[in-house]
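Trainee: Quick one: the structure is below, and I'll ask about it shortly.
The values are calculated or read from the model by the stated rules, or taken from the named source; none is laboratory data. What you are looking at is a predicted structure, and each value in this text was computed from that prediction instead of being measured. Ideal geometry is used to build each Cβ from the backbone, glycine not excepted, and the neighbour counts take in all protein chains shown.
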Amino acid sequence: IKDDQGNTVKVPGRLKHVRAIGWYIDAYKCAQVSINLTNYRETPLHTVFETVKEEAEKLGLRVTGSEIVGLVPKTPLVEAGKYYAGLSGKSKGAPEQELIQTAIQTLGLDSVANFDVSKKIIEYAVAEPAPLMSKSVFGFVDEVSSDSPAPGGGSVAALAGALGAGLAAMVANLTVGKKGYEAVKDELSSMAEHAQNIKDALAHAVDADTNAFNAVMEAMKLPKTTDAEKVFREQALQNGYKSAALVPLETAELCLEALRLAESALKGNKNSITDAGVAGLMAQAGVQGACYNVLVNLGTITDTQFVESMKKKTAELIKDAHDIAERIHKIVVQAIQ
């Protein structure tokens with residue numbers, strides 16, 4: 001745009017944090033808009049895409065696809081997936097991978113070249129390996145049943161909680177969009193999102209628990225010939241024991257939240273009430289099992305203040321879990337008898 005004197009006039013665009021330029025590529029008989037998005041939190045990726053579509057439609061044109069050059073954070077794709085899921089009347093609490101695939105398909109990110117999430121999404125490209133959670137179900141069960149002490153009860157407790165949170169999310173997702181549940185649609189959609197976060201955190205805890213146990217095993221291998229070596233080894237062991245107690249404590253706290261979500265899921269699709277009940281059972285098992293693993297590590301810890309604090313916390317977690325599980329059980333039994 002130029003003024004009467006031929007000087008370039010800058011006019012604010014429609015979107016903040018966006019720098020873009022467009023041109024026509026005669027060889028391909030199409031126009032291309034090249035965009036630098038400098039703050040996806042303020043201006044979401046899907047907002048930019050939809051704005052370009054809107055402007056193109058004013059000119060009688062259609063956006064045929066898009067491409068991300070380089071790597072992209074996971075969040076803008078997940079948020080795009082939630083946005084498009086919401087537009088179609090679906091729950092925003094779908095699994096992360098499903099939301100990302102929704103974003104890839106709707107944004108047309110596969111239109112120019114294959115969008116390999118393991119290479120294009122930053123968090124996936126730099127992710128630490130998860131030896132246990134990357135196994136098949138059979139592979140994990142076989143690993144648990146071997147003569148190795150890890151994975152053990154702590155990892156299994158975390159998995160139980162993850163399954164409980166997953167079932168709670170499933171019930172919510174089976175409810176959103178169903179006739180007769182309009183009053184709880186938004187609540188359960190939000191609940192499903194939260195349940196997915198808890199599920200993912202507990203899935204990570206499966207490997208974290210085994211890693212904490214392995215740290216203790218490594219400390220036990222330290223030399224103990226000299227007095228200095230003995231002191232260093234004992235300190236490493238004490239740190240390891242504390243970590244081995246703190247990791248399952250966090251697991252228990254997450255499982256308790258999964259249990260609360262299972263109770264919330266009782267508001268959902270009545271055809272899935274037993275799924276909500278099983279979610280509660282799994283989450284309660286996760287709380288109790290994780291607390292067992294906290295308590296079993298306390299006997300070797302010399303910090304009495306730490307020990308007493310952990311005992312108090314586990315007692316509260318177990319009681320809260322028992323109370324919630326009892327409420328869930330009564331409602332489920334009443335519904336199916």
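Trainee: Of Asp209, Asp147, which residue is buried (at least 22 other Cβ atoms within 10 Å of the Cβ) and within 29 Å of Arg233 (Cα to Cα)?
Mentor: Residue meeting the stated conditions: Asp209.
Trainee: From Glu79, Glu42, Glu55, grab the single residue that is part of a helix (DSSP H, G or I) and over 22 Å from Tyr124 (Cα atoms).
Mentor: Going through Glu79, Glu42, Glu55 in turn, just one is part of a helix (DSSP H, G or I) and over 22 Å from Tyr124 (Cα atoms): Glu55.
Trainee: If Tyr241 meets every condition in (1) of a type outside the set (D, E, K, R); (2) touching a residue at least 40 places away in the same chain (Cβ under 8 Å); (3) within 30 Å of Thr302 (Cα to Cα); (4) not in a helix (DSSP H, G or I) apart from one, which number is that one?
Mentor: All conditions are met except number (4).
Trainee: Could you tell me which of the residues Asp209, Asp200 is more than 15 Å from the chain's Cα centre (by Cα) and either among the charged types (D, E, K, R) or within 27 Å of Val296 (Cβ to Cβ) (or both)?
Mentor: Answer to the selection: Asp209.
Trainee: Are any residues in the stretch 296-317 among the aliphatic types (A, V, I, L, M), over 15 Å from Leu256 (Cα atoms) and crowded, with 16+ Cβ neighbours inside 10 Å, and if so, which ones?
Mentor: Of everything in the stretch 296-317, those that are among the aliphatic types (A, V, I, L, M), over 15 Å from Leu256 (Cα atoms) and crowded, with 16+ Cβ neighbours inside 10 Å turn out to be Leu298, Ile301, Val307, Met310.
Trainee: Only one of Val33, Val48 is of a type in the set (Val, Ile, Thr), touching a Leu at 6+ places or on another chain (Cβ under 9 Å) and surrounded by 11 or more Cβ atoms within 10 Å (Cβ to Cβ). Can you tell me which?
Mentor: From the options Val33, Val48, the qualifying one is Val48.
Trainee: Among Gly89, Gly13, Gly93, Gly6, which is the only one that is assigned by TED's automatic domain parsing to the domain that holds Lys119, loosely packed, with under 12 Cβ neighbours inside 10 Å and either in a loop (DSSP other than H, G, I, E, B) or among the aliphatic types (A, V, I, L, M) (or both)?
Mentor: It is Gly89.
Trainee: Name, by its number, the condition in (1) touching a Cys at 6+ places or on another chain (Cβ under 8 Å); (2) under 29 Å from Lys185 (Cβ atoms) that does not hold for Ala94.
Mentor: (1)
Trainee: Quick check on the stretch 312-319. Is at least one of its residues of a type in the set (A, V, I, L, M), under 25 Å from Asp200 (Cβ atoms) and either touching a His at 6+ places or on another chain (Cβ under 9 Å) or assigned by TED's automatic domain parsing to the domain that holds Ala169 (or both)?
Mentor: Looking for residues that are of a type in the set (A, V, I, L, M), under 25 Å from Asp200 (Cβ atoms) and either touching a His at 6+ places or on another chain (Cβ under 9 Å) or assigned by TED's automatic domain parsing to the domain that holds Ala169 (or both), one finds at least one in the stretch 312-319, hence yes.
Trainee: Based on this model, can you work out whether Thr302 counts as in the same structural domain as Lys221 (by TED's automatic domain parsing) and modelled with pLDDT of 95 or more?
Mentor: no
Trainee: Moving on to the next point. Considering only the stretch 280-295, state which residues are of a type outside the set (S, T, N, Q) and closer than 12 Å to Leu256 by Cα.
Mentor: Scanning the stretch 280-295 gives Gly280, Leu281, Met282, Ala283, Ala285, Gly286, Val287, Gly289, Ala290, Cys291.
For every residue, the table says whether it meets (1) surrounded by fewer than 20 Cβ atoms within 10 Å (Cβ to Cβ); (2) at pLDDT 95 or above; (3) at positive phi; (4) touching a Ser or Thr at 6+ places or on another chain (Cβ under 9 Å).
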residue	(1), (2), (3), (4)
Glu229	yes, no, no, no
Leu261	no, yes, no, no
Ala265	no, yes, no, yes
Ala290	no, yes, no, yes
Lys319	yes, yes, no, no
Ile328	no, yes, no, no
Gln334	yes, yes, no, no
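Trainee: Quick one: would you say Val176 is touching a Lys or Arg at 6+ places or on another chain (Cβ under 8 Å), over 23 Å from Ala325 (Cα atoms), of a type outside the set (Phe, Trp, Tyr) and in the same structural domain as Ile318 (by TED's automatic domain parsing)?
Mentor: yes
Trainee: Considering the stretch 148-201 alone, what residues qualify as being farther than 19 Å from Val287 by Cβ and β-branched (Val, Ile, Thr)?
Mentor: Matches in the stretch 148-201: Val171, Thr175, Val176, Val184.
Trainee: Here is a list: Asp116, Asp147, Asp110, Asp142. Which entry is without any contact (Cβ under 8 Å) to a residue 12 or more places away in the chain, outside the structural domain of Val216 (by TED's automatic domain parsing) and not β-branched (Val, Ile, Thr)?
Mentor: The unique qualifying residue is Asp116.
Trainee: I would also like to ask the following. Looking only at the stretch 186-231, count how many residues are part of a helix (DSSP H, G or I), basic (Lys, Arg) and farther than 30 Å from Leu266 by Cα.
Mentor: Summing the residues that are part of a helix (DSSP H, G or I), basic (Lys, Arg) and farther than 30 Å from Leu266 by Cα in the stretch 186-231 gives 1.
Trainee: Name the pairs whose Cβ atoms lie under 6 Å apart, with the first residue in the stretch 190-202 and β-branched (Val, Ile, Thr), the second assigned to a helix (DSSP H, G or I), and 6 or more positions between them or separate chains?
Mentor: Close Cβ pairs satisfying both conditions: Ile198/Ala165; Ile198/Leu254; Ile198/Glu257; Ile198/Ala258.
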